[in-house]
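Below is one structure, written out as structure tokens, with a few remarks after it.
The values are calculated or read from the model by the stated rules, or taken from the named source; none is laboratory data. Computed from a prediction, not measured in an experiment: that's the story for all the values here. A quick note on method: Cβ atoms are made from the backbone with ideal geometry, for glycine too, and the neighbour counts reach across all protein chains shown. Ligands, DNA and RNA are stripped out before the accessible areas are found, and what is left, the full protein with its side chains, is counted by its heavy atoms. Shrake-Rupley method; radii C 1.70, N 1.55, O 1.52, S 1.80 Å.
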Amino acid sequence: MSVKIILTEPNKLLRLVSEPVEKVDKEYRRLMDDMIETMYAAPGIGLAAIQIGVPKRIIVMDISRDENKKEPMYFVNPVVNKKNSEKAIYEEGCLSVPDQFAEIARPSKCEVEYLDYNGKKQLLKAEGLLATCIQHEMDHLEGILFIDYLSKLKKSIIIKKLSKAKTNRIVV
Ligand code: K1U
Ligand code: ZN
């Protein structure tokens, strides 16, 4: 397993629509191992494959927030079957949009079908942070970032800040 570099906005790769996985094999399990290690190292509670430059429909998550009791979750080719009309607001962050946070409204519950780490079909009924996180991660599969839900002005201020931070990092 290895910790990979997480791409940050602005980066055209983050805007790609990820492709489905044909078969959950050894190579994809190795990718999921790298993703979960990268997510724990960041640290974060979710990560999509495109955030480490791989345009495949794979997500890893662990919302347990307990260092000693890890509960990793792996989602391959996830599809949302049902979404609640009621919305929940969470302050979201993103490892690809460092140090920026914003309140985002999303359906408060959802049902997701996916393949697990072993390629077995699963159905998850999610609510609370789990529902928010999975929807945030599934947006990554479509090339969508949480800042896309903000006003044009707020989004452009954040992108300017991130571009500046990137330039400074290269100079130093
Ligand atoms: O980059 C990502 O997609 C991961 C992102 C997931 C997320 C967070 C909050 C709401 C929706 C989705 C993060 O993990 S940002 C970091 C974070 O939330 C966190 C970091 C350390 C401890 C606890 C949380
Ligand atoms: Zn994100």
- What are the residues in segment 84-128 that are hydroxyl-bearing (Ser, Thr, Tyr) and open to solvent by less than 50 Å² (accessible area, probe 1.4 Å), if any? 96, 108, 114
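Restricting attention to segment 1-26, which residues are open to solvent by less than 50 Å² (accessible area, probe 1.4 Å) and away from ligand 1 (no atom under 16 Å from the Cβ)? Please lay out each step first, then the result.
Within segment 1-26, the first condition is being open to solvent by less than 50 Å² (accessible area, probe 1.4 Å), and the residues that meet it are 2, 6-9, 11, 14, 18, 21, 24.
Listed by number, the residues that qualify are 2, 21, 24.
Quick one: in segment 76-116, of everything that is among the β-branched types (Val, Ile, Thr) and under 12 Å from residue 146 (Cα atoms), which residue is farthest from ligand 2 (Cβ to nearest atom)?
Kept after step one, since they are among the β-branched types (Val, Ile, Thr), are these residues of segment 76-116: 76, 79-80, 89, 97, 104, 112.
Within this subset, residues satisfying the condition of being under 12 Å from residue 146 (Cα atoms) are 97, 104.
On the way: 97: 7, 104: 11 Å.
If we take residues in segment 76-116 being among the β-branched types (Val, Ile, Thr) and under 12 Å from residue 146 (Cα atoms), then 104 is farthest from ligand 2 (Cβ to nearest atom).
Yes or no: segment 27-39 includes at least one residue that is assigned to a helix (DSSP H, G or I) and near ligand 1 (Cβ under 10 Å from one of its atoms). First the steps, then the outcome.
Pass one, segment 27-39, residues assigned to a helix (DSSP H, G or I): 27-39.
Still in the running and near ligand 1 (Cβ under 10 Å from one of its atoms): 39.
Among the residues of segment 27-39, at least one is assigned to a helix (DSSP H, G or I) and near ligand 1 (Cβ under 10 Å from one of its atoms), which makes the answer yes.
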- Item | Cross-chain or 6+ apart pairs with Cβ under 7 Å, segment 40-67 first and closer than 19 Å to residue 128 by Cβ and touching a residue at least 12 places away in the same chain (Cβ under 8 Å), then assigned to a loop (DSSP other than H, G, I, E, B) and more than 10 Å from ligand 1 (Cβ to nearest atom) | 60/72; 62/70; 62/71; 62/72
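Condition check: outside any helix (DSSP H, G or I), more than 18 Å from the chain's Cα centre (by Cα) and touching a residue at least 60 places away in the same chain (Cβ under 8 Å). Does residue 118 satisfy that?
Values: outside any helix (DSSP H, G or I): yes; more than 18 Å from the chain's Cα centre (by Cα): yes; touching a residue at least 60 places away in the same chain (Cβ under 8 Å): yes.
Yes; evaluated as a whole, the condition is true for this residue.
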- Residue in segment 132-158 that is farthest from ligand 1 (Cβ to nearest atom), counting only those that are farther than 15 Å from residue 93 by Cα and among the aliphatic types (A, V, I, L, M): 153
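Can we say residue 139 is away from ligand 2 (no atom under 12 Å from the Cβ) and either within 11 Å of the chain's Cα centre (by Cα) or closer than 24 Å to residue 28 by Cα (or both)?
On the way: away from ligand 2 (no atom under 12 Å from the Cβ): no; either within 11 Å of the chain's Cα centre (by Cα) or closer than 24 Å to residue 28 by Cα (or both): yes.
For residue 139, the condition - away from ligand 2 (no atom under 12 Å from the Cβ) and either within 11 Å of the chain's Cα centre (by Cα) or closer than 24 Å to residue 28 by Cα (or both) - is not met.
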- Query: Residues in segment 53-62: is at least one open to solvent by 40 Å² or more (accessible area, probe 1.4 Å), within 15 Å of ligand 1 (Cβ to nearest atom), over 20 Å from residue 19 (Cβ atoms) and touching a helix residue (DSSP H, G or I) at 6+ places or on another chain (Cβ under 9 Å)?
  - Reply: no
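Test residue 81 against the criterion of being under 26 Å from residue 120 (Cα atoms) and open to solvent by 50 Å² or more (accessible area, probe 1.4 Å), and give yes or no.
Numbers: under 26 Å from residue 120 (Cα atoms): yes; open to solvent by 50 Å² or more (accessible area, probe 1.4 Å): yes.
Judged against the criteria, residue 81 is a match.
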- Message: For segment 63-75, which positions are surrounded by fewer than 18 Cβ atoms within 10 Å (Cβ to Cβ) and within 16 Å of ligand 2 (Cβ to nearest atom)?
- Response: 63
- Task: Test residue 85 against the stated conditions and say whether it is assigned to a loop (DSSP other than H, G, I, E, B) and either touching a Lys or Arg at 6+ places or on another chain (Cβ under 8 Å) or away from ligand 1 (no atom under 14 Å from the Cβ) (or both).
- Result: yes
